[in-house]
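The values are calculated or read from the model by the stated rules, or taken from the named source; none is laboratory data. The shown structure was predicted, so the numbers you read here are calculated from the model rather than taken from an experiment. Every residue, glycine among them, receives a Cβ derived from its backbone with ideal geometry; neighbour counts consider all protein chains shown. What goes into the accessible areas is simple: the full protein's heavy atoms, side chains included, and nothing from ligands, DNA or RNA. Shrake-Rupley method; radii C 1.70, N 1.55, O 1.52, S 1.80 Å.
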Amino acid sequence: MNHHPTIDPQNLRKTIFAGAIGNAIEFYDFIIYAYLAVYFAYHFFPSHDPVAALIASYGAFATGMIMRPVGGLLLGRIGDRIGRKMALQVTVASIAIPTLIIGLLPTYETIGLLAPILLILLRMLQGLAVGGEYTSSIVFLIEHSPPNQRGFIGSFSPMGAFGGLFLGTAVCFICLLILGKDQMHAWGWRVPFILSVVMTVIGIYARRSLSESALNLSMRSKSPVKEVFRNHLRPMVSICFANTSTGIVSFIGFMYAVQWMVKEAGVSSNMALLINLAGLAMVTLTSLLGGYLGDRVDRVQIARLGALILLVGAWPAFRLFQSGDVLSMLIGSAILAIGQGFFVGPLSSAMANLLPPQVRVTGISFAYSLSVGLFGGIAPMLTEYLLSRENLLMAPAMVIMAGALISLLTLLLRSDWRVGNALLPEELNRS
């Protein structure tokens, strides 16, 4: 008996693309902000202490991330009460409009204190929007996949995310190559923000074409927020702590690492960005590989393996980054890429098994966004502080290892994660 929803095979490619494009926009935005903070920090957070200005700029980054759990609840409620399609349409537009405005925003020199205030407000709006983006697309893809392919099809969500990181890195690299550091400091930092409008148009069009009937829920909750906190708090805690490593590795291993390599290994910005581009290309592929292997072995087991690779591999990876040798640095990127890909690829589908359909978007969105917003949002600021103020050269590796340890212990010790490749709860109820 068929216990799962199906979609027309001819629409599968369109469905996967529509689910992944918003993640690409989301992570494109966040990585260009992190990369370009060193160029525009002075324009919005002037200070006689350049480190203080940079920390303040990362503070604005963290503010946007901390708003994610609130957005997770708001957009999760839309996804559970109205439908997945509505949530997907709202998020893709809400992420990109503030990004474009940031690219056009007057600086502190022009409008004074209003400049950093507006920047932080825009980051808060983005945080609200992205709070439901990644998880809505995960749920959308998982619910419309056959059970034996959920790991692979669900892994297109993290693949889209890392594709956005790759694209953002590539755009920053090209701008730096063409304009040079002086022009990037003066005005070139605006270009990647403004270019986001291209992806937005594609994303809105792709999601408008989705079939509403394919997204209808068989069960709806009148109050998904109340229900999920009352009846499903335990799995939300498990999802939250399991994802500790998700944001930390993304923002430290594949964003902060660029400026770290420039400072500590003495390589050029162009070389650091190229190394990171190679790493992002690898993690895009290993996310799909992790999901594929999860379908054939066990999704939770593969996710545990990924967390273990991050735990034991972060320190040697950053030692290889420090060497300045291109081949060694590429190997360092590969270590992080394999660990992160094997971790997040199969974890996407495993999370969906922990919650019933009527609260699935709300529960996963809040728990995931709380974890990534808190740990991932604070990680760059914490790493910068440990490196600049406490002189801990390997601070990035230490922060990644701490996150990987928490994720690994959660996947090992919490009984929720024994789901493996089980059917979704609603399928079990029907069988």
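Details
- For the chain, modelled as a GNM whose springs connect Cα atoms under 10 angstrom apart, the maximal fluctuation among 299, 234, 207 occurs at 234.
- Given charges at beta-carbon only (K, R positive; D, E negative), |dipole| of the chain in Debye: 1000
- Near residue 241, once Lys and Arg are set to +1 and Asp and Glu to -1 for all other residues with Cβ below 14 Å from its Cβ, the sum equals +2.
- Every pair of different Cα atoms in the range 73-114 enters the Kirkwood calculation, which places the hydrodynamic radius at 12.3 Å.
- Reciprocal mean inverse distance between Cα atoms of the range 67-152 - Kirkwood radius, Å: 14.2
- Residue-by-residue Karplus 3J(HN,Hα) for the range 111-122, coefficients 6.51, -1.76, 1.60, Hz, glycine and proline x: 10, x, 4, 4, 5, x, 5, 5, 4, 5, 4, 5
- Accessible area in the full protein assembly, largest first, 1.4 Å probe, for 263, 222: 222, 263
- The residue among 270, 286, 108 whose Cα reaches farthest toward the positive pole of the charge dipole of the chain, with charges on the beta-carbon of Lys, Arg, Asp and Glu, is 286.
- In the range 311-431, inverting the average of 1/r over every pair of distinct C-alpha atoms gives 16.6 Å as the Kirkwood radius.
- Semi-axis lengths (Å, descending) of the ellipsoid that matches the C-alpha gyration tensor of the range 274-332: 25, 14, 6
- Residue-span extension gain [residue 178 to residue 263] - 0.36 nm each, minus C-alpha spacing: 28.4 nm
- Point-charge dipole on Cβ atoms (K/R +1, D/E -1) for the range 352-431, about Cα centre, debye to 20: 140
- Burial ranking of peptide ranges 118-131, 101-114 (average Cβ count within 10 Å, highest at the top): 118-131, 101-114
- Debye log10 I(q)/I(0) at q = 0.15, 0.24, 0.29 Å⁻¹ for the range 376-431, Cα point scatterers: -0.61, -0.91, -1.07
- Dividing the helix sum by the residues of the chain, where each DSSP H run of 4 or more adds -39500 (n - 2.57), gives a mean residue ellipticity at 222 nm of -25000 deg cm²/dmol.
- Phi angles of the range 231-244 translate, via the Karplus equation with coefficients 6.51, -1.76, 1.60 and θ = phi - 60°, into HN-Hα couplings of 10, 9, 5, 4, x, 5, 4, 5, 5, 4, 6, 5, 8, 3 Hz per residue; Gly and Pro are given as x.
- The ratio of the alpha-carbon radius of gyration of the chain to the globular-protein estimate 2.2 N^0.38 Å is 0.93.
- Amide proton proximity set for residue 420, modelled H, under 5 Å, gap of 5+: 300
- Solvent-accessible surface (1.4 angstrom probe) belonging to residue 185, in square angstrom, nearest 10: 80
- Per residue, the accessible area of the chain comes to 37 Å² when a 1.4 Å probe rolls over the protein heavy atoms.
- For the chain, the share of accessible area belonging to carbon and sulfur comes to 68 percent (1.4 Å probe, ligands and nucleic acids excluded).
- Across the range 256-302, counting alpha-carbon atoms alone, Rg and Dmax equal 15.3, 43 Å.
- Highest-fluctuation residue, 158, 50, 98 considered, GNM on the chain with Cα pairs under 10 Å: 50
- Relative contact order, whole percent, for the chain stands at 26, derived from Cα pairs under 8 Å and 6 or more residues apart.
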